[in-house]
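Participant: Sharing a structure below in structure tokens format, with a few things to ask.
The values are calculated or read from the model by the stated rules, or taken from the named source; none is laboratory data. Everything numeric here is computed off the predicted structure, so don't read it as measured data. We place every Cβ from the backbone using ideal geometry, glycine too, and count neighbours over all the protein chains shown. All accessible areas refer to the heavy atoms of the entire protein, side chains included, with ligands and DNA or RNA removed. Shrake-Rupley method; radii C 1.70, N 1.55, O 1.52, S 1.80 Å.
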Amino acid sequence: MSISLRQLRYFVATAELGQISQAAIDLSISQSAVTTAIKELERIVGANLFLRTPSGMDLTMAGREFLSHAYEILKKVDEATHLNVVSSAVEGTLAIAATYTVIGYFLPQHIERLRRLFPKLELQLFELKRESIEEGLLTNRYDMAVLLTSNILNPALTTEKLMSSTRRLWVPAQHPLLQRDSVGFREIAEEPYIMLTVDEAAHSSLKYWSASTYQPRVNLRTSSVEAVRSLVANGQGVTILSDMVHRPWSLEGRRIETITVRDPVPAMDVGLAWRRGAEFTPPMQALRSYFQQTFHIPGVRDASFTTP
């Protein structure tokens, strides 16, 4: 017996709302229809997906695993049925502002692909600090920006996250912390710390450190990622930075290892930004559609690129 999209949608609604009655209301159907769909799914899968309790429906271990698959299937179906076709013939000029980290470690491969996909589109790149980018978007000097969206708080701008890059602890090869089962702020605070300052990295770092009872023992601040890389690799200190800027080797050929931090460290979000309410031009839509397709943004229409 095959699984239907109807069954998946009923299952997801029940899992999210925790009660069959609420799922039925949300779906505008009868409770018996939801109950039947879940029973059919459980029979097909061969496992109980929910624990029936007096307070509602709790997912079992199998149910949590099945929910992950259900989300993925429904997302793919939504993408397949909501294609947003962008012609490769789109032409014009697109002014894109980007911060140092993004233009150095994220954009190059995408700019190369964009130029191949849209040969008639002229891309103008500008490297700026976040404050200058925000001001430039609001005054229409730049059409769109690619930057660390986790740093933007201006309500006059709209942002769209493309990816999240996990922040981990960087240590040199054979560092004693690599032998520990768990590493948190307490252990890191005992080490000399290299603080990156570019793209508000120091501000972001101190925000999550301040939520703990520990503070980093900073012995050097620098705006150069390559300097941080070399200093860590040469045993001069440790640091917490994102996977996006990590490389396993320094310029001197020394190894840099990473460790997942036990304490909460927020990921670094990279995405698009534009002036709220701005009318999208074809070049702006082409850029956004390209990134939507590349990163398979949940709940956002996919894009296909066609030749005229």
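Participant: If I model a spin label as a point 7 Å beyond the Cα along the Cα-Cβ vector, how far apart are those points for residue 4 and residue 252 in nm?
Facilitator: Result: 6.7 nm between the two label points.
Participant: Something else about it: Mean residue ellipticity at 222 nm from the helices of the chain, using -39,500 (n - 2.57) per DSSP H segment of n ≥ 4 over the full residue count, to the nearest 500 deg cm²/dmol? Kindly include the intermediate steps, with their values, before the conclusion.
Facilitator: On the way: 11 runs with 120 residues, N = 308.
Computed ellipticity for the chain at 222 nm equals -12000 deg cm²/dmol.
Participant: I want to check the label-to-label distance for residue 16 and residue 212. Put each point 7 Å from Cα in the C-beta direction and report it in nm to one decimal.
Facilitator: 3.5
Participant: Roughly to the nearest percent, how much of the accessible area of the stretch 110-212 is carbon and sulfur, given a 1.4 Å probe? The partial results should precede the final answer.
Facilitator: Working: 2430 of 5110 Å².
The value for the stretch 110-212 is 48 percent carbon and sulfur by accessible area.
Participant: When N is the residue count of the stretch 101-160, what does its C-alpha Rg come to as a fraction of 2.2 N^0.38 Å?
Facilitator: Numbers: Rg = 12.4 Å, N = 60, 2.2 N^0.38 = 10.4 Å.
The reported ratio for this selection is 1.19.
Participant: To continue, here is another question. Compute the signed sum of charges (Lys and Arg +1, Asp and Glu -1) over the other residues within less than 14 Å, Cβ to Cβ, of residue 132. Kindly include the intermediate steps, with their values, before the conclusion.
Facilitator: Values: positive: 129, 130, 141; negative: 127, 131, 134, 135, 199, 200.
Every neighbour counted, the sum reads -3.
Participant: Ranked highest first by the average count of other Cβ atoms within 10 Å around their residues, in what order do 3-10, 260-267 fall?
Facilitator: Highest to lowest by the protection proxy: 3-10, 260-267.
Participant: Please list the three semi-axes, largest first and in whole Å, of the ellipsoid equivalent to the stretch 10-71, using sqrt of 5 times the eigenvalues of its alpha carbon gyration tensor.
Facilitator: Numbers: eigenvalues 57, 30, 24 Å².
Ellipsoid semi-axes (Å, largest first): 17, 12, 11.
Participant: Counting only other residues whose beta carbon sits under 15 Å from that of residue 174, what net charge do I get with K and R as +1, D and E as -1?
Facilitator: Details: positive: 180, 254, 255; negative: 191, 257.
Combined, the nearby Lys, Arg, Asp and Glu give +1.
Participant: Please calculate the 1.4 Å probe accessible area of residue 296, with all protein chains present, and give it to the nearest 10 Å².
Facilitator: We get 80 Å² for residue 296.
Participant: Where does each of 76, 129 land when they are ordered by accessible area, with a 1.4 Å probe and the largest first?
Facilitator: 129, 76
Participant: Considering the dipole of the chain built from charges on the beta carbon (Lys and Arg +1, Asp and Glu -1) around the Cα centre, which of 121, 67, 144 is farthest to its positive end?
Facilitator: In the chain, that residue is 67.
Participant: For the stretch 1-59, which whole-number percentage of the solvent-accessible area (1.4 Å probe, protein heavy atoms only) is attributable to carbon and sulfur atoms?
Facilitator: Details: 1680 of 3300 Å².
Using a 1.4 Å probe with all protein chains present, the stretch 1-59 comes out at 51 percent carbon and sulfur.
Participant: Could you give the accessible area per residue of the chain, probe 1.4 Å, as a whole number in Å²? Don't skip to the answer; put the middle values down first.
Facilitator: Working: 15680 Å² over 308 residues.
Result: 51 Å² per residue.
Participant: Mind giving me the nanometre distance, one decimal, between the label points for residue 138 and residue 51, set 7 Å out from Cα along Cα→Cβ?
Facilitator: 5.1
Participant: For every other residue with a beta carbon closer than 11 angstrom to the beta carbon of residue 265, add +1 if it is Lys or Arg and -1 if Asp or Glu, then tell me the sum.
Facilitator: On the way: positive: 167, 168, 207, 262; negative: 263.
Spelling it out: positives minus negatives among the neighbours equals +3.
Participant: Based on the Cα gyration tensor of the chain, what are the three equivalent ellipsoid semi-axes, each the root of five times an eigenvalue, rounded to whole Å and given largest first?
Facilitator: Working: eigenvalues 310, 199, 61 Å².
One finds semi-axes of 39, 32, 17 Å for the chain.
Participant: How large, in percent, is the carbon and sulfur part of the accessible surface of the stretch 234-289 at a probe radius of 1.4 Å? Before the final figure, lay out each step's value.
Facilitator: On the way: 1270 of 2680 Å².
Accessible surface attributable to carbon and sulfur in the stretch 234-289 totals 48 percent.
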